[in-house]
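All remarks here apply to the structure that follows.
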Amino acid sequence: MPDESARKRLPAALRHLIRAVQILLYIPIQAIFLPFAIIGLLDGVRKEMGNSRRLDVSFTAVQALQYRWIMHHFDTRPDPLSVAFTKKFPCESHLGLWAILGPLIVSHKLFGFSAGLGELDEPGEETLSSTPGRRLLLFDRVLETYVDEMEQIVIPGSGFDLIALHFTRGREVKVFEIDQEATMNAKLETLRDADIEHDWITYVPVDYARESWVDRLLDAGFDRTRRTLFVWQSVSLYLEEDAVRRTLRDMADLCDAECVVAQDFYSRAFVSGETSRVVRRTRRLFERMGESWRFGIDMSPDPHAAVESFLNECGWKMTEFVQFGEKREIEPFYCIVEAEKL
């Protein structure tokens, strides 16, 4: 059957016919997987919720890893490292993912059927459901752009993201990943169990309640005089505004040489749940897991100006601004920015 781009060029009637045939082919595959889906779901709940709590690991960090697995299997972003990591990760069920998503993956491979998982919208056409995939690709682009320009890369709140392993292997750049001690310990143990090489990266565990991440980074060998990229992805949403401002100022103060930060911001409307019913349900789920949404920028009516002003107040000059869903008639909800130290 034609691929997605070719299918969009077909007449509407033919597209509907192809879709109907795909659904008919999908139904028996789904039926075959159904008994395994029940087992997989139980195993997934046990690991994602039970083991995460037992090991004091961030539920949101686990979800981010899950989407990388999905994009790999739907051929949107090849990521064999994340797949290998997931197989050994105690807080994610590789069996569960395959049992639940297997029918869609098999149908996608065999005859191009898709329920939207792993798909990407065009720039400016993003929706809430397609945001995770576009976000991953844009932060990939950031690493690709700066990996040979910078001498140091720092990833605060790195979680279980393997983006640094993907882009910095064999490069002349010093890499630091920072996160809570329990999360970092789980990550390192899984990397060893999965036999994934990682010795060129410096992992910096921090007890945020008792330690300064700045002090721990300096103790780990961070050099103030070297050109540095900070990649701060999907962290500010879970912090109070004062903590976001303080962290951005700390990043700027750490650098005596050229310094760039790439990070994302959600809107205040998104954080409050005004964006949609789906957002409100997701917010309640994260609250039950002990990870409440806290910080957003008032992006109405001018998202660019609002984010630029906030960064200026924190010691940064915005150089790149990407607003998701900008071409749609929707409330601004998310952006990714790059900024240089003032």
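Using a probe radius of 1.4 angstrom, the carbon and sulfur fraction of the accessible surface of the stretch 92-225 is 46%.
Model label sites at residue 56 and residue 125, defined 7 Å from Cα along the beta-carbon direction, differ in position by 4.6 nm. Taking each of 88/187; 88/174; 109/327; 47/187 in turn, the alpha-carbon distance tops 21 angstrom for 88/174; 109/327. State whether the stretch 185-290 is rounded, prolate or oblate according to the following rule on the C-alpha gyration tensor (a ≥ b ≥ c being the square roots of its eigenvalues): a/c under 1.5 gives rounded; otherwise a/b larger than b/c gives prolate, and the remaining case gives oblate. Note, shape of the stretch 185-290 comes out oblate. Once backbone amide H atoms are built at 1.01 Å from N, residue 91 has no partners under 5 Å, excluding neighbours fewer than 5 places away on the same chain.
Run the accessible area of the stretch 239-342 with a 1.4 Å probe and give the carbon-and-sulfur part as a rounded percent. Walk me through the intermediate numbers first.
Working: 2130 of 5140 Å².
Using a 1.4 Å probe with all protein chains present, the stretch 239-342 comes out at 41 percent carbon and sulfur.
Relative protection proxy for 237-248, 183-194, from highest mean packing down: 183-194, 237-248 (other beta-carbon atoms within 10 angstrom).
How much FRET efficiency would the formula 1/(1 + (r/R0)^6) give for residue 342 and residue 19, where r is the Cβ-Cβ distance and R0 is 35 Å, rounded to 0.05?
Numbers: r = 52 Å, r/R0 = 1.48.
Between residue 342 and residue 19 the formula returns 0.10.
Given a 10 angstrom Cα cut-off, can you work out which residue in 96, 112, 296 is the most mobile in a GNM of the chain? Top of the fluctuation ranking is 112. 3J(HN,Hα) along the stretch 161-169: 6, 10, 4, 5, 4, 5, 10, 10, 4 Hz, from the Karplus curve 6.51 cos²θ - 1.76 cosθ + 1.60 with θ = phi - 60°, whole Hz, x for Gly and Pro.
The distance between label points at residue 226 and residue 194 comes to 2.5 nm (points 7 Å beyond Cα on the Cα→Cβ vector). For residue 334, the amide hydrogen comes within under 5 Å of the amide hydrogens of 267, 324, counting only partners 5 or more places away or on other chains and with H modelled in the peptide plane. Partner lysines whose Cα lies under 16 Å from the Cα of residue 317, excluding those fewer than 8 positions away in the same chain, are identified as 341. Under the simplified labelling scheme, the residue 140-residue 287 pair shows an inter-label distance of 3.5 nm, with each label point 7 Å from Cα along Cα→Cβ.
The ellipsoid equivalent to the alpha-carbon distribution of the stretch 82-136 has semi-axes of 23, 17, 9 angstrom, derived from the gyration tensor eigenvalues as √(5λ) and listed largest first.
Whole-Hz Karplus values for the stretch 87-93 come out as 4, 9, 7, x, 9, 9, 9 Hz, taken residue by residue from phi with 6.51 cos²θ - 1.76 cosθ + 1.60 and θ = phi - 60°; glycine and proline positions read x. For the chain, the equivalent ellipsoid derived from the alpha-carbon gyration tensor has semi-axes of 34, 25, 20 Å in decreasing order.
The distance linking the stretch 251-322 with the stretch 116-195 is 18 Å (Cα centroid to Cα centroid, whole angstrom).
Diagonalising the gyration tensor over the Cα atoms of the stretch 48-160 and scaling each eigenvalue by 5 before taking the square root yields semi-axes of 24, 22, 13 Å, largest first.
Cysteine residues of the chain whose Cβ has no partner cysteine Cβ closer than 4.7 Å: 91, 314, 335.
Relative to one another, the C-alpha centroids of the stretch 41-77 and the stretch 198-229 are positioned 26 Å apart. Working note: Karplus 6.51/-1.76/1.60 with θ = phi - 60° gives the stretch 122-137 the couplings 5, x, x, 9, 5, 10, 4, 6, 8, 4, x, x, 4, 4, 4, 5 Hz, where Gly and Pro are set to x.
The values are calculated or read from the model by the stated rules, or taken from the named source; none is laboratory data. Predicted model only: the values in this text are computed from it and were never measured. Note: ideal-geometry Cβ built from the backbone for every residue, glycine included; neighbour counts use all protein chains shown. Calculation scope for accessible area: heavy atoms of the full protein, side chains included, ligands and nucleic acids excluded. Shrake-Rupley method; radii C 1.70, N 1.55, O 1.52, S 1.80 Å.
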